[in-house]
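Visitor: Take a look at the following structure, please.
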Amino acid sequence: MEPSRAPGVPEALFERHDRAIRLYLKRLTGDEDIARDLAQEVFLRVVRAGPGYSGAAPEGAWLFRAARNVFLDHRRHSMRHPTEPLPLNASARADQPLRLDLQQALETLPALDRDVFLLCEIGGLSYAEIAETVQSTVPAVRSRVYRTRLALRARLVPHWSTHP
């Protein structure tokens, strides 16, 4: 299904960032449909904010910060209004075990470490942009990305070196 652009969002902005925002949100939620809905909410907030982008932070960092805030709002709402949880692999195909293992490994990480890692790997943001997004420092971001890579490698490599 093709993502729909929120009314009023400049097409160029949407085209530059929609895919990365949706991938980031999909990794956070584990569900493609929820990620698509949350991505649309990100762009709706952009429209509602009007000329909210001042240029103080890079455009991508500004949008990923909005995406992170939308996700945190969604998570808080979900905690207050629980529904039947979807199984972890609800949107994954059965022939994608590595993707499921990665999703499970990501879910074991502290929330901030997971966010920083996904902003780097999925969002493609620089350490400075990530630091701006999560209100941290560049050295702290660099350290979190490094530790997260080590933790994921420790969890995934032994499993996949014995189970192709």
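The numbers here are math on the coordinates, done by the rules we state, and not lab data. From a predicted model like this one, the values you see are computed outputs, not experimental measurements. Every residue, glycine among them, receives a Cβ derived from its backbone with ideal geometry; neighbour counts consider all protein chains shown.
Visitor: For residue 153 and residue 75, calculate 0.36 nm times their separation in residues minus their Cα-Cα distance, and state this gained length in nm to one decimal.
Guide: On the way: separation 78, 0.36 × 78 = 28.08 nm, distance 2.69 nm.
Net length gain for the segment: 25.4 nm.
Visitor: OK, next. What ranking do 43, 64 get, fewest neighbouring Cβ atoms within 10 angstrom at the top? Present the calculation step by step, with values, prior to reporting the outcome.
Guide: Working: 43 26, 64 30.
Listed from fewest to most nearby Cβ atoms, that is 43, 64.
Visitor: Let me ask another. Give me the dipole magnitude in Debye, nearest 20, for segment 99-149 about the Cα centre, with unit charges on the beta carbon: positive for Lys and Arg, negative for Asp and Glu.
Guide: Numbers: 6 positive and 7 negative charges, 36 e Å.
Here the size comes out at about 180 debye.
Visitor: If you plug each phi of segment 62-68 into the Karplus form 6.51 cos²θ - 1.76 cosθ + 1.60 with θ = phi - 60°, what whole-Hz ³J(HN,Hα) values come out, in order, with x for Gly and Pro?
Guide: 4, 5, 5, 5, 4, 5, 5
Visitor: What list do you get for 21, 122 if you sort them by fewest beta carbons within 10 Å? Can you show the working numbers first?
Guide: Details: 21 26, 122 19.
Fewest to most other Cβ atoms nearby, the residues stand as 122, 21.
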